Structure formats: C-alpha cells, structure tokens
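Data block below; observations after.
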C-alpha cells in the first residue's frame, strides 16, 4: 500500500505472548527405587501444557541431554579465590563443551499425537521409536535394555509461593500491568528482601486486597518513580516483621505436559560403577518458519521403521530446522540468577554467565542477607551489618566476589543423613558447583534429593533461599542446613507474620510411588 | 465438500472473536490498561489485515479514550504512532514517540523512530539506529528494517543476506511475518527483473500463510510484468473485490491499459482517481504519493502531479518524494527545477532502477552533458525489465 517499510513488529509486542509449549518449567532427576535388572535414573522434563493437558504442540522439539561422569571432588579449599573460581569454570567448560558431548533424547509429537523418541549417541546405539502419548510405555533398546517412558499430561509437580518470590524481588509484572514498552520496569530498583520494607507501597501486602498479585489480580502501574526511599524493615504494632511469603501454593490445580523417562544407568554409560553422576538438562526448540512450509507430516520413514537406527547427519539436519527457545537445568537458575533474559537460555553452556552469576548473587545477597540478619539468623553474605536490605548492583565481578565468597563456597549442609543411604564419603555440594553449569547433576549413590539431583517432593524454592544462610552457624545445637527455612518451628520462634514457611510443605497432589511418579493431571 | 479455511480467514476470525469478547467490557470504567490495549491492538490488527485504512480510525479513537483515562502509556502511544505511520502522518508519529512514557527508550519505540528518520530522509540516523538495535538484540524485524534500508540504498546483496537472517529468526508460530518477509524478498527480486526468483518467494509466502490478498496483489503485479495478463487480471479483480482501495484500482486500471483494454482501464482509473481525491478531501495524506504518480504517469498532467507531489514532499523529504516531485516537474516541462530536485534525491545515495530511469529522463531533457544516457544505461543494468508492467510501492 505504501512506499515505506512495515515489518509488522507491532504484532510482536502486542500479541500478548501466551503461555507457550516452549516454556520449560522444571527438570527432575533422581535414582529410581526400582533396581530390578540394575540401577535406573528417572528424568522428568515438564513444560506448559499447550495446546492443552496431554496434547502436544507439533511444532516443538524437546531435548533431554544426558552426560555421565565420575564423582569428583570440586574446588579445593585453597582455590577459594576469584582466580581459582575462574579456573574451575574453565575446567568444567572443557568437560561439557569438549569432545565428549552429551547423549540426548529427542522428542517430537506428530499431528496424530504419536511421539517420536530418538535416543542419540548412547554407548549402545542411536535409535528411534514411535510411541503413544499419555501412556506408560516400555521401550526396548537394540542393546537389550528396557526404558520406561511417559509423554503426556500430569499435575504440575512444582509447589511454591511464586507471588511471594516475586514480591521478594519486587517484580512488577506479577503485581502490575506493565506496558510492553517499559521493559526496564520489571524488576524495580527496590532492595530485594525476605521481609517487607517500611513504606514499600509498591509491593507490601495489602490487607484490604489479600489476593493482589495472585492469579491475574493486578493493578495499573502508577506513575514513577518506582523506587523506595525508606531506611528500615516494616514492623507491625506487635513488633513483628511481615514476611513477603505466604506459604501458598500458586501452582495448585495446574497441569503441565511432561516427558518422563526411567533409564537404566547401563544404557547411559558403559561404566556404571565408575560414572556415578548423571548430568541432565532440558531444552525446548521450535520449528523455524522456513521449515514449517517444507515439512511433510508423518514422514513415511518413521512410520515404516518404528525402531530405526539413525545417523548423525540426519540428526544434525533435523536440529537445524529448529530454534532454541528455553533451557532448564537447575531450579531458579533462570529466575534468580539470569533474570530470564532470552539470550541467556544456554542450559549447560552457561559458562560465560559465570561472572554475571557472581554479580547477580551479590545483588540478591544485599537484599536477602540483611533480612536474614534482622530475623536473628546468620547469613553467608557479607553485608557490612547493614540494618536493612540494600539495592546494589555490580559492574565488576572483582567488587562483588568478596561479598559472596562464603555464599559461593560454603558446603550446603543436609538436615540429616537420609540423602546418603549408603553412607559413602560423598562431599557436600557447594552453590558454585550447583549452578555452573546449569545442569541437574544426579548422584546415583544418593536419594537424588536437591542438590544431588532433584526429587519431586523437594521444596527447592525454600532450599534456594538457604544459600544465603551461614552453614557454619548453629541453631539449637545443630548446624544450619538446606531445610532450615522449611522448618515451621523456626518461623514460630522468630518475630514475623505470617508464621509460615515461605513455600508450601508439599504438593497439592500426592506423588506416585512408581513410574511415572508425577501425579495424574487435574480433570 | 467444504473448502478448507485459509490461514488468513482463520486469523481474521480469531481477531474478530477477540474483539467481540472485549467489545462489551474494554471501555468500561475504571479502564483496565491490559484489556483496552488489547482491544485497540485487535482493532488495529483487523484494519491492517483487511487493508481497511478507514478502520484504523476506530483503533485511534479507542487509544485516545484510553489515554484520557490512563495517561501517556508507552504501549498506547506506540500503537498510535504505528497507525499514524501507516497513514503517513509523520509529524504525528514524531509527537507520539515523544509523548509515550519511556517510549523512546524502548526497543520498539527506537525502531519506529529509525523508520521515521528513514522516511524523513535522515538516512545516517536511521542506519545507525537499526545497526544499534541489531547489536543489542538480533530480532527479525530489526534485520528486516536494515535489509530494506540496504535494498533502497542499492546494496542488494547485503539486503538479501539480512533478509535471510531475518527469515532464520522466525518460527512456525510467526507464519504471517514469514510470509511478509518472503514478499519483501520477492519485491527485491522484482526490482532487478528476476521474475523467477520473485515468483518463488511469492509462492513461499502463499504457502506459509494462505489466502492473504496481499500475496495475491504481489502475484498480480508479477504476472503483469511477465505479461501473463489473464492471471494478473484475475488476481487484481480478486484483490479489488476484497480490498476496494484506490491504489489497487489504479493498478488494475493500468493493467488494462497495458492490455490495451481502454474501456475497462478508464472505468477503474476513474474509480481510483475518485477514491484518491475523496481521501484527500477528508484531510487524509496517505494517498498523496499515489496522486502524484497517478497524474504524472496515468494522466500525464504535470501541474496536478506537481501539486500532489509537493504536498507529499512537505510531509517527508526523502529520495522517493524528491524524485516524485522531480518527475512531476518534468511532466510539467519545468526541467531545471526537476533537475535540482533529482540531484538532491541522488545525493541521498539511493540506487534504484526507477530512480535512475527518472534521473536519466530528466537529465536528458534538462542537460546535454551525457549524464542522461548514463543514468538510463545504469537503470537498464539494474533492471533489464524496467519497462514492463509495475506498480508504485
């Protein structure tokens, strides 16, 4: 119509990006309790149930990457300096990006809702099969193993007070209708905190509107400035702090779609006694537009060869037709540490983010550290005894590092020994080892509870906060541990309202004892 | 047997459904910014998709109402600026970008500002901003913008490469955008007379997003250029039936002229002229360049062409409007004035077969220094099929 260019970009910002099948939610990974015929590992990748529960988007391709390794001792105590840390990142980078690349399981679903599952670069073979969705299926591998698979709808296994978390980081889109053109007004420049700041009217709980921030209950974003000028935490008439968390389960009643597999360890590695760590992460890819018009649905090759051996060239050609959208390895690696920027969706390859990770952790520490101190607990973050949370960002990793040194390197104490049922000499993990690379590292000699993997029943949102506790400190004669903030007794003893653990103690539906473990979807 | 619905029909139905759902509540007080923005956006999208420029006014009214209640939301002003851009109200675009809260700090606002710079002939500013946007975030639309810039500046290879990259950014969830990009690539090929490649792109555009009149309109031009007149006639008739706009009526009329069917040509050209003039009488400015073209090339009425080209130049002083006025002056026999303006157009650095052909004609008439022949030769090099049927985009 006109002699000017008009790339319709307006559509890109206004078409309110709906929940997408590319939006990965969680990856769970733990050793199976079923050891008949040998050890097995359970891996479950969950994502948005689009177009609906149990129905899959045929433009999507999901990858679960798997790499097995021996358990190694991480950073030694004399490497607890920035140089040592960067050396550590370099070493693991070489491991993950070097010649020994990960094996993968690749899943696509066709128009008839049958799933093509490809097992690529496993020691035994690469092969492919087609299975029904929403049904537990046993896949027999060419080298004689049996893999259980379930690709279908389930209840969302994540249970947490997402609104509380967003309140803690002053994330405006959870509470306000933030214009698309105000990308800088999402995480507002207000100190992050676990307890409310006096006068933080932009985010503090409103007793007259208790549902504000839950569901889709949002307000108009008021004109700026969107800042806070106070100097203390809020206290009520009884001298109690106000918790930003409520313990509510924001995911209650929500379904997801999932790819759940129970894989013999001997299929993943030809040295199962040696390679005790199974690293896994998930990726979502969406078909490129140019390839959609070339796609021939229900390609006869796959229909006629339910179990077909596939060659590397075929695989690479397939992936070239897709575009990486999301990755998932560690819970909160995106939301808390990478700010969910699209260009940081790197999965295990998040090494270049390591400096950012340190700076971001320091930024969070200035928020959470003082609030932990105010509650009478000890923090791993060095905040110079600040009486209140501070909004501070870093441009230099060298400035941030001393603040977070302890947070990064401290051992994450476990509440008891149940995580290590064989009583082996397994070192306690440290945050730095947990988040870089962004993988779920399942220790096959443990129960696989976080951070030795991730079990569905783990309250990982609360465990994540425990990173900021000083694990050398003691409470009632016991060292702090990753479940401390999940202990109702703690909250009964500190001056805070409401007296609740930050996040719900358990899922809204009981998990299953057997495969596929995640609960049936809501009807 | 029931015919399969096209992608265009499906999308239009979804938009209309969305409008129907919001129609009762979007304007209710207190105004919900998300709801009313979506409502205005759907009105805008419906008007854009159907090619109904008058209907853009509905979206504009909704936005004004929303701004009265919500203040200068960046989203609302961005949408408003896009409407004004489509209607060539460029001074209004400039104002919208200033008024929208934080709009000029946002990526979409900056991209639109760069588009405005391009239209106003501020080419360096436009290029620099496009490049900066791409450095920050390699989005398909920024790549397409820079591709178009290079296309117009004559770097066809770079334009092609950038379009390639833009295409690679699009997913199966963005098939209309993909189709649009394929059309742009076809236009680029058409501009250098490569009909086979142009057809290949247009066919991909159609496969990617079926049933869109915009694809048919491009196909119609191509068929006309290839002298497949029956196909061109059929396609243009479909288009003017769906989108009865004067610019398409003019194209059909000109096709009939090429086909030496003067009666049909007159019928459609009369309609087109009437449509253009009625629009101008309503105070609209977006058909000024069509009026200039219509009087210069269809009626060969120099003074009228000068009048409308002059008005268009007042809105935006770029190589295209300068060239249009130069051509109108040529038609009016004012060769020295035409030459001055053409020199200004050429100084922009633009390299385009039609621009060079116009330059060649004007130089030949105004100056016996041989430059006319040089430009005509260059024009023929850039597009060996320049004399074939074409429309003005």
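Here, each number is a calculation from the coordinates, and none is a lab measurement. Because the structure is predicted, anything quoted here is derived from the model rather than measured. Cβ: placed from backbone, ideal geometry, glycine included. Neighbour counts: every protein chain shown.
Would you mind checking the tilt of helix B:353-366 against the longest principal axis of the Cα atoms of chain B, expressed as 0 to 90 degrees and rounded to 10? Taking Cα atoms only, the helix is inclined about 40 degrees.
Largest GNM mean-square fluctuation among B:381, B:314, B:136, using chain B with Cα springs under 10 Å: B:136.
Shape analysis of the protein assembly as shown based on the Cα gyration tensor places the equivalent ellipsoid semi-axes at 58, 33, 25 Å, largest first. Partner shielding of B:32-43 amounts to 3, given as the average count of beta-carbon atoms from other chains within 10 Å of each residue beta-carbon. The C-alpha atoms of chain A define a longest principal axis, and helix A:82-97 lies at about 20 degrees to it.
When the alpha carbon coordinates of region A:368-410 are projected onto the principal axes, the ranges are 30, 24, 13 Å, largest first.
From the Cα gyration tensor of region B:1-100, with a ≥ b ≥ c the square roots of its eigenvalues, which class applies: rounded if a/c is under 1.5, or else prolate if a/b is larger than b/c, or else oblate? Oblate, since a/c reaches 1.5 and b/c is not below a/b. Look at where the Cα atoms of region B:1-66 and of region A:380-443 average out, and the two centres are 50 Å apart.
Look at where the Cα atoms of region A:263-294 and of region B:80-143 average out, and the two centres are 43 Å apart. Pair-distance distribution P(r) for chain A, from all Cα-Cα distances in 20 Å bins starting at 0: 21, 55, 23, 1 percent. Can you compute the label reach from residue B:55? Point 7 Å from Cα along the Cβ direction, backbone N cut-off under 16 Å, restricted to region B:234-263. Counting only backbone N, you get B:239-246. So what's chain B giving for Rg/Rh, alpha carbon basis, Kirkwood Rh from the mean inverse pair distance? On the Cα set of chain B, Rg over Rh gives 0.96.
The convex hull around the C-alpha trace of region A:37-184, projected and averaged over every direction, spans 14.4 square nanometres.
With a simple spin-label model that places each label point 7 Å from the Cα along the Cα-to-Cβ direction, the separation between residue B:29 and residue B:374 comes to 6.8 nm. Among the residues of A:170-182, the average count of other protein chain beta-carbon atoms within 10 Å of the residue beta-carbon is 5.
Sequence-distant contacts, meaning Cα pairs under 8 Å at least 6 residues apart, place the relative contact order of region B:125-210 at 22 percent.
Could you grab the Rg to Rh ratio for region B:238-393? Cα atoms only, Kirkwood for Rh. In region B:238-393, Rg relative to Rh is 0.98.
The coefficient of translational diffusion for region B:133-246, derived via Stokes-Einstein from the alpha carbon Kirkwood radius under 25 °C and 0.890 mPa s, stands at 168 µm²/s. Hydrodynamic radius of region A:353-506 by the Kirkwood approach over all distinct alpha-carbon pairs: 16.3 Å.
When chain B is treated as a GNM with alpha-carbon contacts under 10 Å, the residue of B:196, B:233, B:21 showing the greatest mean-square fluctuation is B:21.
Counting beta carbons within 10 Å around each of A:280, B:135, A:53 and listing the fewest first gives the order B:135, A:53, A:280. Peptide B:173-179 is shielded by partner chain Cβ atoms: per residue, an average of 6 of them sit within 10 Å of its Cβ. Roughly what angle does helix B:229-242 make with the longest principal axis of chain B, taking Cα atoms, 0 to 90 degrees, to the nearest 10? So the helix axis and the longest Cα principal axis differ by about 40 degrees.
Extension gain, residue A:506-residue A:208: 0.36 nm per intervening residue step, less the Cα-Cα distance, totals 104.5 nm. Each residue, residue A:83 and residue A:113, gets one label point 7 Å from its Cα in the Cβ direction; the gap between the two is 6.1 nm.
Applying 1/(1 + (r/R0)^6) with R0 = 56 Å to the Cβ-Cβ distance of residue B:91 and residue A:478 gives a FRET efficiency near 0.20.
Between B:220, B:159, B:55, the Gaussian network model of chain B with springs among Cα atoms under 10 angstrom shows the greatest mean-square fluctuation at B:55.
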